[in-house]
Amino acid sequence: MLTIKQITEDTDKVIRGLEKKHFANAKETIAQVLELNDKRKSAQNQLDKNLAEVNATSKTIGALMKDGKKEEAESAKARVAEIKEASKALQLEMDKAAEDLQTLLYTIPNVPYESVPEGNGAEDNVVEKMGGMETELPKDALPHWELAKKYDLIDFDLGVKITGAGFPVYKGKGARLQRALINFFLDEARAAGYEEIMPPTVVNAASGYGTGQLPDKEGQMYHCNLDDLYLIPTAEVPVTNIYRDVILDEKQLPIKNCAYTQCFRREAGSYGKDVRGLNRLHEFSKVELVRIDKPEHSQQSHQEMLDHVEGLLKKLELPYRILRLCGGDISFTAALCFDFEVYSEAQKRWLEVSSVSNFDTYQANRLKCRYRTAEKKTELCHTLNGSALALPRIVAALLENNQTPEGIRIPKALVPYCGFDMID
């Protein structure tokens, strides 16, 4: 959530940033924010004046009574009562303005950094880097959903029977490959200095608001109505919320956490060839990285996270590219985001497997996640997160890009985790 200080210090810059994100009616919304803030401040100022007058007048009442000036004392009492009554209405006015202001601020996305390119959508994202090994497949190469059936790795129909579309059942070496990837990703994160967390996979509404999934992504989250709890779309939500309403010591930063969880997304409106097989699921496994950092170090943290994810893709021997997302494609909460995509040779398309984002102070302001400097000043932290990695499309690419006439080859880095080097 943007702070009033950010908006008032450079209103034009905020409006330009929101327009870069194609936020509708940016000027009108910011004008409404400023109007509500002025209304709140005006009511607060008058309340402060009223309180000062009540205190001053109340002090005179005893002295007037003592001097026998009963009529003047009664007049003073009446004035105090009058001010207190007027203050009740002012308090209601101030509370309403503050509530409306908070509600409106929740609907405004983060302002992107200057380094975020202009653009309307995915077609305008900038390719920063390409890497990995080129793949040559047999002429009769199959997409992963057919390979999964051929080698009895994943049963999509059984998932439909048990739950519905988008909830596959992994079997045999398919299940072992999933577990191998999870352990590989966690071990790599731990070696890079991340502390592993095993959080809940359901969160309350306060947690959803803290990291910005609510109210922006409410329609994409599974909601347990009876308990007013949400299934998490990413471990970012529970792990970052560990630091909600927390004041950290500067010496604790940067905090580096990783977590494996199941993730749940309704993916409403998704259909067609791009959602076949593992391309888009309602439930999937993911290892997430979360960092809490000082503002002056967050850029370095972001780069370290990008290097980490790139290192994973290199070890998995997959062709990949890194995209700098444009204003029209960057997420609601991010100030800067890079996507990693792996190439599926059998499908002839790029598959997104990670987003690595810097949120600046946007989430921290919602979370009230702060740190105390050596000078004992309290400042907002920066928060960052990234997938390292989301499994479904990694599995899809591994199956498709490593198929041979003899079977599906397992990358060397995964063999110790799988316990086999070939799926046949």
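Among the numbered criteria (1) part of a strand (DSSP E or B); (2) more than 29 Å from Leu316 (Cβ to Cβ); (3) among the hydrophobic types (A, V, I, L, M, F, W, C), which single criterion is violated by Ala374?
(1)
Tell me, which helices (runs of 4 or more DSSP H) lie completely within segment 1-116 with 1 or more residues that are more than 28 Å from Cys381 (Cα to Cα)?
Where helices (runs of 4 or more DSSP H) fall fully within segment 1-116 and carry at least 1 residues being more than 28 Å from Cys381 (Cα to Cα), they are 26-66, 70-106.
What number of residues in segment 141-166 are assigned to a loop (DSSP other than H, G, I, E, B), open to solvent by less than 40 Å² (accessible area, probe 1.4 Å) and either more than 17 Å from Met422 (Cα to Cα) or among the basic types (Lys, Arg) (or both)?
So the count comes out to 3.
For segment 132-162, which residues satisfy the criterion of being touching a residue at least 12 places away in the same chain (Cβ under 8 Å) and more than 18 Å from Asn402 (Cα to Cα)?
Result: Asp155, Phe156.
Can you tell me which condition Asn37 does not meet? The list is (1) under 15 Å from Leu104 (Cα atoms); (2) open to solvent by less than 50 Å² (accessible area, probe 1.4 Å); (3) within 25 Å of the chain's Cα centre (by Cα), and all the others hold.
Evaluating Asn37 over (1) under 15 Å from Leu104 (Cα atoms); (2) open to solvent by less than 50 Å² (accessible area, probe 1.4 Å); (3) within 25 Å of the chain's Cα centre (by Cα) leaves (3) as the failure.
Using beta carbons and a limit of 6 Å, which pairs, at least six apart or on different chains, have the first residue in segment 307-332 and farther than 10 Å from Val116 by Cα and among the aliphatic types (A, V, I, L, M) and the second one part of a helix (DSSP H, G or I) and open to solvent by less than 10 Å² (accessible area, probe 1.4 Å)?
The qualifying pairs are Leu318/Ala397.
Take the residues in segment 181-199 that are in a helix (DSSP H, G or I) and either of a type in the set (Lys, Arg) or open to solvent by 40 Å² or more (accessible area, probe 1.4 Å) (or both); name whichever of them is nearest to Gln262 (Cα to Cα). Write out each step before concluding.
Just the residues of segment 181-199 that are in a helix (DSSP H, G or I), to begin with: 181-191.
With the extra rule that they be either of a type in the set (Lys, Arg) or open to solvent by 40 Å² or more (accessible area, probe 1.4 Å) (or both), the set shrinks to 183, 187-188, 190-191.
Numbers: Asn183: 14, Asp187: 18, Glu188: 19, Arg190: 19, Ala191: 22 Å.
Once the filter is applied, the top-ranked residue is Asn183.
Those residues that are free of Cβ contacts under 8 Å to residues at least 24 places away in the same chain and out of contact with any Asp or Glu (no Cβ under 9 Å at 6 or more places or on another chain), I need them from segment 388-424; list them, please.
Those that are free of Cβ contacts under 8 Å to residues at least 24 places away in the same chain and out of contact with any Asp or Glu (no Cβ under 9 Å at 6 or more places or on another chain): Pro416, Asp421.
Residue check: is Gly386 surrounded by fewer than 21 Cβ atoms within 10 Å (Cβ to Cβ) and modelled with pLDDT of 95 or more?
Considered against the rule, which asks whether it is surrounded by fewer than 21 Cβ atoms within 10 Å (Cβ to Cβ) and modelled with pLDDT of 95 or more, Gly386 comes out as no.
Somewhere in segment 362-374, is a residue among the hydroxyl-bearing types (Ser, Thr, Tyr), open to solvent by 20 Å² or more (accessible area, probe 1.4 Å) and touching a Ser or Thr at 6+ places or on another chain (Cβ under 9 Å)?
no
Any idea which of (1) over 22 Å from Leu177 (Cα atoms); (2) open to solvent by 10 Å² or more (accessible area, probe 1.4 Å); (3) aliphatic (A, V, I, L, M) is the one Val237 doesn't satisfy?
Condition (2) is where Val237 drops out.
The values are calculated or read from the model by the stated rules, or taken from the named source; none is laboratory data. Keep in mind that what you see is a predicted model, and the values were worked out from it rather than measured. So basically every Cβ, Gly included, is an ideal-geometry build from the backbone, and we count neighbours across all protein chains shown. All accessible areas refer to the heavy atoms of the entire protein, side chains included, with ligands and DNA or RNA removed. Shrake-Rupley method; radii C 1.70, N 1.55, O 1.52, S 1.80 Å.
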